[in-house]
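No lab work stands behind these numbers, since they all come straight from the coordinates. Quick caveat, the model's predicted, so the values are computed rather than measured. Quick reminder, even Gly has a Cβ in these numbers, built from the backbone with ideal geometry, and neighbours come from all protein chains shown.
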Amino acid sequence: MSSPQLPDITAGPAWKALAAHRTEIDPDLRSWFAADPRRAEDLTVEAGDLVADLSKNLITAETVGLLLDLAREAGVERRRDAMFAGEHINVTEDRAVLHTALRRPRDVEPRLTVDGQDVDADVHEVLAKVYDFADRVRSGEWTGVTGRPIETVVNIGIGGSDLGPVMVYEALKPLAQPGLTARFISNIDPTDAAETVADLDPETTLFIVASKTFGTLETLTNARVCRSWLLDGLREAGALVGEAEETAVAKHFVAVSTALDKVADFGIDPENAFGFWNWVGGRYSVDSAIGTSLAVVLGPDAFEEFLAGFHTMDEHFRAAPAKRNLPLLMGLLNVWYVNFFDAGSHAVLPYDQHLHRFPAYLQQLTMESNGKSVRWDGSQVTTQTGEIFWGEPGTNGQHAFYQLIHQGTRLIPADFIAFANPVHPTRDGETDVHEVFLANFFAQTKALAFGKTAEEVRAEGTEESVVPARVFSGDRPTTSLIAPALTPAVLGQLIALYEHVTFVQGTIWGIDSFDQWGVELGKQLAQEILPAVAGDREVLGDQDASTRGLISYYLEHRRR
Ligand code: F6P
């Protein structure tokens, strides 16, 4: 589908005004805070259960106004509404982008019909099927082929069919039903499957093969490897007699996919398959049937609460006024740093061990979405796009890479995320350990914003030659996100927040944030190269000198 030619946003008045503003302001958070006692209050925004303090960013009221002008000029609101309405804003694949429909409440009016499909009815039909299945596994009604209840659910998937489920499972693990755990296999490195199932009992293991396309090499290979492991294990235990293979696979394998015909070809009973639709992008799919492992292990109630959290943020993004619209503001801030401060990366630093996979999840969400050089009209982008997202939980990161954020030569905007209440309240004598933890969270953004001057260093009696090394420049921008606790609802809100932040950035840059053509070439070449790796001299000879040399090294050193 062709789309009208996009104007160059960097040639428009809003961009030019921002560029001029950037040369005029000399960020100085110390004096900005001193001059404006209301700064923190004015720049704190609430969205659902999340409170976001944006005041430690390198912005003034004028910056915010100019960024909002930019959003208006880029038509962010118009495109947002088009997305929610199911217009085909994924132009390179000519698809609607409707992950927001996955979390609409059952009876919301008016109903959403897109391309002739009653989206609400379909979403809730699948959810009901997933919940029914989850209840049966949880209650022990659904058993393995030998009649034993399921104890371990293994999700086999990769990318969006893995990162969401594993991140959410790790985040909400304390809610898992006692006696039921989840594991995840994603990598085609055979180590992943081998080590994940090594200590499992095939009789009590259920595999969920999660793949939107059901054509992904890694997932299908791992699914076959696990099917062999299952059947071999059952056979060894004497639990597989006669022609019971099919029954065993049916009891131990279910699938999640948009391609239900391919599920049947794999040998999984379509009765035990949960569908979704091509208008759900892989990295936007954790709240679809791709979350079946979560519904089983954490329970349908937790999953419902999780979906409600997403919806809360969707409604905020859709209805909150621009000045108080958190995804809009955070997306614009990211553009501000990437395009006007030359920031090449963005740190996400959760102060919650349960969010240890959140940065990895965000890497796919943001970088697969906005790592593009071409706009949705096919023309080249006109400015930098797609910063690198990265991070680790605090306080671990403090003892690893924070040095560079505090004193390095690069500007790295950072999002700090924390929760008022811990999952495991713990005391160390008189001290509440969560308070020590949070003190670090508060201290880091303070240090980054306000730094430490040479005078302050000297006042501590520091020897003059060491003073420069101990100075902190400050003015290193952060956003602090706080919520009462890491609940399913709050996690849904957080994910939806970043989905919409990604959308806002993509829209400003003119990017189709919903395709991912950039992953295709490598996949295609891997298929072409495979015969050479297996020893085919002719295919080896066709390779460039570097690739040929590397494969030859492998062929010389492999132990057979
Ligand atoms: O590698 C790209 C990608 O298509 C991701 O976007 C997607 O999440 C992942 O592969 C897995 O795809 P599938 O769910 O179809 O197996």
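Could you tell me which of the pairs 212/262; 129/251; 173/251 are separated by over 18 angstrom between their Cα atoms in the structure shown? As for pairs spanning more than 18 Å Cα to Cα, those are 173/251. Taking label points 7 Å from Cα along the Cα-to-Cβ direction, residue 244 and residue 426 give a separation of 4.4 nm. In whole angstrom, region 220-284 maps to an equivalent ellipsoid with semi-axes of 27, 12, 8, each derived as √(5λ) from the alpha carbon gyration tensor and ordered largest first. Distance from the C-alpha centroid of region 23-85 to that of region 94-128: 32 Å, rounded to the whole angstrom.
Between residue 341 and residue 377, full extension at 0.36 nm per residue minus the direct alpha carbon distance yields a gain of 10.3 nm. Around the amide H of residue 388, modelled in the peptide plane, lie the amide H atoms of 345, 346, all under 5 Å away and 5 or more residues distant in sequence or on another chain. Rounded to the nearest 10 degrees, what's the angle between the helix 520-533 long axis and the longest principal axis of the chain, both from Cα atoms, 0 to 90? So the inclination is approximately 50 degrees. Under a 5 Å amide H cut-off, with hydrogens placed 1.01 Å from N, residue 415 pairs with 347, 348, 349, 479 among residues at least 5 apart or on other chains. Using a cutoff of 8 angstrom between alpha carbon atoms and counting only pairs six or more residues apart, the relative contact order for region 280-380 works out to 17 percent. Dimensions of the chain along the principal axes, based on C-alpha atoms and rounded to the nearest Å, stand at 82, 66, 62, largest first.
The order of the peptides 389-399, 150-160 by mean Cβ neighbours within 10 Å, most packed first, is 150-160, 389-399. A protection proxy built from the mean count of other Cβ atoms within 10 Å ranks the segments 459-471, 74-86, 372-384, most packed first, as 74-86, 372-384, 459-471.
In summary, the lysines within cross-link reach of residue 323, defined as a Cα separation below 27 angstrom excluding same-chain residues under 8 places away, comprise 16, 56, 446. Among beta bridges identified by DSSP and lying wholly in the chain, the antiparallel ones come to about 35 percent. For region 280-329 versus region 456-490, the spacing of their alpha-carbon centroids is 32 Å. Against the chain, whose longest principal axis comes from its Cα atoms, helix 163-172 is set at around 80 degrees.
One decimal place: the segment residue 485-residue 181 gains 107.2 nm when fully extended, by the rule 0.36 nm per residue minus the C-alpha distance. Taking 7 Å steps out from each Cα toward its Cβ at residue 85 and residue 452 produces label points 5.6 nm apart.
Axis of helix 76-85 versus longest Cα principal axis of the chain: the two differ by about 20°, to the nearest ten degrees. Once the Cα-Cα distance is subtracted from the 0.36 nm per residue extended length, the residue 44 to residue 460 segment shows a gain of 146.4 nm. Peptides 496-507, 135-146 ordered by packing proxy, namely the average of other Cβ atoms within 10 Å per residue, highest first: 496-507, 135-146.
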